[in-house]
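Okay, so here's the structure we're looking at.
We did not get these values from a lab; they are worked out from the coordinates using the rules stated. Values in this document were obtained by computation on a predicted structure and should not be read as measured data. Using ideal geometry, Cβ is built from the backbone for each residue, glycine included, and neighbour counts are taken over all protein chains shown.
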Amino acid sequence: MNVRTRSSAIIGALCLVTSVAFTSASASPREDAAKVALTKVATAKNPSAGTAGPGGAVWIAERAGTVRVLGKQGLGEPVLDISAETTTDGERGLLGIAFANDFKHFYISYTDLEGTSTIDEFAVRKGKLRPETRRTVLTQTQPYANHNGGDIKFGRDGYLYIAFGDGGSGGDPHGNGQNLDTLLGKLLRIDPRGGKPYAIPKDNPFVGDPKAKDEIWAYGLRNPWRFSFDKGTGDLFIGDVGQSAWEEIDRAPAAGKGGENYGWSQMEGTHPFRDGTEPANHVPPVHEYDRTGLGCSVTGGFVYRGKAIPGLRGQYLFSDYCDGTVRALKLKDGKVTGVSDLGVNGGEVVSFVQGGNGELYVLDLGGPVSRIDPAA
Ligand SMILES: [Ca+2]
């Protein structure tokens, strides 16, 4: 099949691409690549995000606003339903969920009916959400309906990281990526329990700079749709969706102090964007790929730290919404030493989820929730 049609443009690239020309540049499985298989464990209604919950269970967010827990018999009845408060217009919906590291609080990231990005908190008691404790932690108005970002994760430091896209449209018309006076086009780092509605960690990189928002951890991002922390090392990985030419994976070591400039919209990957000039402090991606058969909208995943597939340990898995192939980066000392095609296709790969035991799941926006298993 040379042309894949996609049911819904959620990640911010598809409006620019009507077909993907597969060429000889298509990757083929490397002989030394780990052998994996996708095992479908459930069907959700447009799964968009997920996280490991209390007891290691996988919690799945459905884009229209429901959250369900994966059990042995598939997904249970919704444990949360905010579908009256969000829409699936453009790239909107329930876009991220996360538990605090102690599982005492649960966070959701969604766009409200006006399209405003919203992070809400719930207390958790005995593994269950307490709806009466819901409160809004942070909001960000969105000038356009695309590039909302919306992924949320807790770092090892116990702080909540929030990814926002550049505000949308195309080409970053407001220059948000390089503008430190907006939360758009940024990765944020906040302490949601440290104040009302939240506190700024004192060691955030721009604290004390009156021209920069204190919440900012890193900048120069276009649509950091999915990011993660390596469960083994704490290193940060960001899949930043490209404009029309280059998809990229960015990385920062766990020991970093933040403040990284990932280049957008002066740079797209390692290439100047339009008449862009490379910022002196540009942190180039550890991996980039073009659209000659490799996809058109990167979906960042996780460094594999599970037990089931020893040959995959320490490798960073990712995919592409348009292409669906699950790929892995081999890393050494923070540098990519190999890229492999794992030979499985996850469909409309919108997200990966890391279960409590470190095993990984692939979410196909069309419905399937699949676990990455060793090949039989
Ligand atoms: Ca970049």
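Some points to look at:
- Anisotropy class of the range 297-376 from Cα gyration tensor, a/c 1.5 cut: oblate
- In terms of its C-alpha gyration tensor, the range 226-315 has an oblate overall shape, because the principal axis ratio a/c (a ≥ b ≥ c, square roots of the eigenvalues) is not below 1.5 and a/b does not outweigh b/c.
- Percent breakdown of C-alpha pair distances by 10 Å bin, ordered from the shortest bin, for the chain: 5, 27, 37, 25, 6, 0
- Taking a ≥ b ≥ c as the square roots of the eigenvalues of the alpha carbon gyration tensor, the range 165-225 is prolate, as a/c is not under 1.5 and a/b beats b/c.
- C-alpha center-to-center spacing [the range 95-127, the range 296-330] in angstrom: 25 Å
- Among 122-134, 160-172, 267-279, the order from most to least packed when residues are scored by Cβ within 10 Å on average: 160-172, 267-279, 122-134
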